[in-house]
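Working notes, beginning with the structure itself.
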Amino acid sequence: MPIRILPPQLANQIAAGEVVERPASVVKELVENSLDAGADHIEIEIEKGGSKLIRVRDNGSGIAEQELVLALSRHATSKITDLNDLEAICSLGFRGEALASISSVSRLTLTSKTAGQSAAWQASAEGRDMQVEVRPAAHPDGTSIEVLDLFFNTPARRKFLRTDKTEFGHIDELVKRLALSRYDVSWLLSHNGQQVRRLKAALTQDQRQKRVAALCGRVFADHAAFIENQYGDVKIWGWLVHPQACSAQLHCQYSYVNGRMMRDKLLNHAIRQAYGDTLAPDQQPAFVLYLELEPRQVDVNVHPAKHEVRFHQARLIHDFVVSALTDALTQLTPASRAVSQP
Ligand code: ADP
Ligand code: MG
C-alpha cells in the first residue's frame, strides 16, 4: 500500500482510542474544559449510562463564534502556546485533542456564547473530513456540549460498553472525584431525568467538610480528621482516617496534585508508608488529600489521559508526604470527628 495521510476523522478516531475509553472519559474531558473555562456551575446530564446522551453545560467563558471551528479541530488549544507554558501548566487540558477525538466517535454538538457576543452559536463536525458547520442558536453565556450515540461508528469500541448501570457508576465516581477537586463549583448530575447529585458551592471550611461527608459517606466523615502541613513551596492538606477506623468497606482514596485528580504511585506509596504497620493486611488507608506545589515541579504530560504525573524532586516530595502524614497520624485519635458536623 502506498503511504498516505489519514483522513481527519480516522486520525481523530485513532487518537480517541487513547483518551475516550468509556462514557466516563468523555465526561472527564468535558468537565475539565468547563473548569478551565472558569465555570463555577456545571450540569451533567446522562442518559442510558452515557451511551445515548452525555450533556455538559457550564457558565464559563464560552467560545467565540470565530473559534468554534478550531475548538473542534485536533491540536488546537487556547491553553498553551509554547514548551515553556507546557512546563508550568496550570490548566487541566493542553493537548487540544479531546473535542476532536470525541466528535469523531459520536454525534457531538457544541453550543456556546461569550459574554461579549449578543447571540449564541452552535457547531458540529461531520463526515470523513470533519467539516464543521456553524449555525445560530440560543444559549446563555457559557457552553453546552452534547454527545449523542457514543461509539456509534466504532462498533468494536461500542461492544466494550458495560451495562448502563455500570457505566453510570463510573460517571458518578468520576463526578465525585471532580467535585472533591473544586469546592467552589456547584454541581448537578442526573441520569435518565433523575437528579443523582446536587452540590452547592462549598466556600467555608464547614461547607467543605459537609461536601466531603456527602461524597465519602458517614463512616469516613465520622473518623476523618483535617490535616495540613507545609515545607517550603510544597503543601499537603485534606482529611485522613485513623487506622483503627480503616476497613475494606470504607473505600475512600482520593488524591490530587495541583487540583488534578491522580492515581499516583509515588503518592500512594508515601501514604501507605505513613500508615505503616498500623494497618492490618486487609485494611486500606482512607483519605482525601491535596498536594500543592510549584507547577514547574511537576510534569503532567506523561500520559494522554493525564492520570499520572512526574515530580522533578520525587524523593523530596515522597519524604515530605511520609513525614507530614506520619506526624498527623500520631496525633489522631480513633474518634477524631473533624468532618462530621451536626
Ligand atoms: P484542550 O482542553 O486540551 O485545549 P479540547 O479539545 O478539550 O483541548 O478543547 C479545545 C479548545 O476548545 C480549548 O482549548 C478551549 O479553548 C475550547 N473549549 C472547549 N470546551 C470549552 C468550554 N466548556 N468552555 C470554553 N472553551 C472551551
Ligand atoms: Mg480539554
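The values are calculated or read from the model by the stated rules, or taken from the named source; none is laboratory data. These numbers were taken from a predicted model, which means no experiment stands behind them. Positions of Cβ are generated from backbone atoms using ideal geometry, with glycine treated the same way; all protein chains shown enter the neighbour counts.
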Requested in this report: Scan the range 77-99 and report the pairs whose first residue is closer than 16 Å to residue 297 by Cα and whose second residue is part of a loop (DSSP other than H, G, I, E, B) and within 6 Å of ligand 1 (Cβ to nearest atom), with Cβ atoms within less than 7 Å and a gap of 6+ or a chain change.
Outcome: 86/94; 91/79
Query raised in the report: Which condition number in (1) more than 7 Å from ligand 1 (Cβ to nearest atom); (2) under 21 Å from residue 175 (Cα atoms) is the one that residue 36 fails?
Result: (1)
**Report entry** Residue that is nearest to residue 190 (Cα to Cα) [pool: residues in the range 29-51 that are touching a residue at least 24 places away in the same chain (Cβ under 8 Å) and part of a loop (DSSP other than H, G, I, E, B)]
**Finding:** 51
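When the residues of the range 89-112 are narrowed to those that are of a type in the set (Val, Ile, Thr) and more than 10 Å from ligand 2 (Cβ to nearest atom), which ends up surrounded by the most Cβ atoms within 10 Å (Cβ to Cβ)?
Let us first name the residues in the range 89-112 that are of a type in the set (Val, Ile, Thr), namely 89, 102, 105, 109, 111.
Still in the list and also more than 10 Å from ligand 2 (Cβ to nearest atom): 89, 105, 109, 111.
Details: 89: 20, 105: 24, 109: 18, 111: 22.
Looking at residues that are of a type in the set (Val, Ile, Thr) and more than 10 Å from ligand 2 (Cβ to nearest atom), I get 105.
Before we move on, is residue 51 of a type in the set (Ser, Thr, Tyr) and either over 17 Å from residue 174 (Cβ atoms) or within 14 Å of ligand 2 (Cβ to nearest atom) (or both)?
Details: of a type in the set (Ser, Thr, Tyr): yes; either over 17 Å from residue 174 (Cβ atoms) or within 14 Å of ligand 2 (Cβ to nearest atom) (or both): no.
Answer is no for this residue.
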Query raised in the report: Do we have any residue at all in the range 151-172 that's under 21 Å from residue 290 (Cα atoms) and in the same structural domain as residue 28 (by TED's automatic domain parsing)?
Result: yes
Report task. Looking at (1) farther than 22 Å from residue 130 by Cα; (2) of a type in the set (Val, Ile, Thr); (3) buried (at least 18 other Cβ atoms within 10 Å of the Cβ); (4) within 13 Å of ligand 1 (Cβ to nearest atom), find the lone condition where residue 46 falls short. Result -> (4)
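Among residues belonging to the range 17-28 that are assigned to a helix (DSSP H, G or I) and modelled with pLDDT of 95 or more, point out the one that is nearest to ligand 2 (Cβ to nearest atom). First the steps, then the outcome.
Going residue by residue through the range 17-28, those that are assigned to a helix (DSSP H, G or I) are 17-19, 23-28.
This time we only want the ones that are modelled with pLDDT of 95 or more, so: 23-28.
Details: 23: 16, 24: 15, 25: 12, 26: 11, 27: 12, 28: 9 Å.
This residue is 28.
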Report task. Would you check if residue 134 is within 12 Å of residue 9 (Cβ to Cβ) and among the β-branched types (Val, Ile, Thr)? Result -> no
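Give the residue that is nearest to the chain's Cα centre (by Cα), with candidates limited to residues of the range 181-198 that are hydroxyl-bearing (Ser, Thr, Tyr) and not in a strand (DSSP E or B). Show your work before the answer.
Let us first name the residues in the range 181-198 that are hydroxyl-bearing (Ser, Thr, Tyr), namely 181, 183, 186, 190.
Retained after the next criterion (residues that are not in a strand (DSSP E or B)): 181, 183.
On the way: 181: 8, 183: 13 Å.
Across the range 181-198, the extreme among qualifying residues is 181.
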Query raised in the report: For the range 74-87, does any single residue satisfy the condition of being within 11 Å of ligand 1 (Cβ to nearest atom), under 20 Å from the mean Cα position of the chain (by Cα) and crowded, with 22+ Cβ neighbours inside 10 Å?
Result: no
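Just to be sure, is residue 79 within 16 Å of ligand 2 (Cβ to nearest atom) and under 24 Å from residue 185 (Cα atoms)? Write out each step before concluding.
Details: within 16 Å of ligand 2 (Cβ to nearest atom): yes; under 24 Å from residue 185 (Cα atoms): yes.
Criteria met by residue 79.
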Query raised in the report: residue 3 fails exactly one of the following numbered conditions: (1) within 7 Å of ligand 1 (Cβ to nearest atom); (2) not assigned by TED's automatic domain parsing to the domain that holds residue 160. What is the number of that condition?
Result: (1)
Query raised in the report: In the range 286-301, what residues are assigned to a strand (DSSP E or B) and among the charged types (D, E, K, R)?
Result: 292, 299
Requested in this report: Go through the range 314-335 residue by residue and tally those that are of a type in the set (Asp, Glu) and within 26 Å of the chain's Cα centre (by Cα).
Outcome: 0
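Can you tell which of 119, 156, 138, 115 is in contact with an Asp or Glu (Cβ under 6 Å, 6 or more places away or on another chain), exposed (fewer than 15 other Cβ atoms within 10 Å of the Cβ) and either without any contact (Cβ under 8 Å) to a residue 24 or more places away in the chain or farther than 24 Å from residue 259 by Cβ (or both)?
Numbers: 119 fails: in contact with an Asp or Glu (Cβ under 6 Å, 6 or more places away or on another chain); 156 fails: in contact with an Asp or Glu (Cβ under 6 Å, 6 or more places away or on another chain); 138 fails: in contact with an Asp or Glu (Cβ under 6 Å, 6 or more places away or on another chain).
One residue alone meets the criteria, 115.
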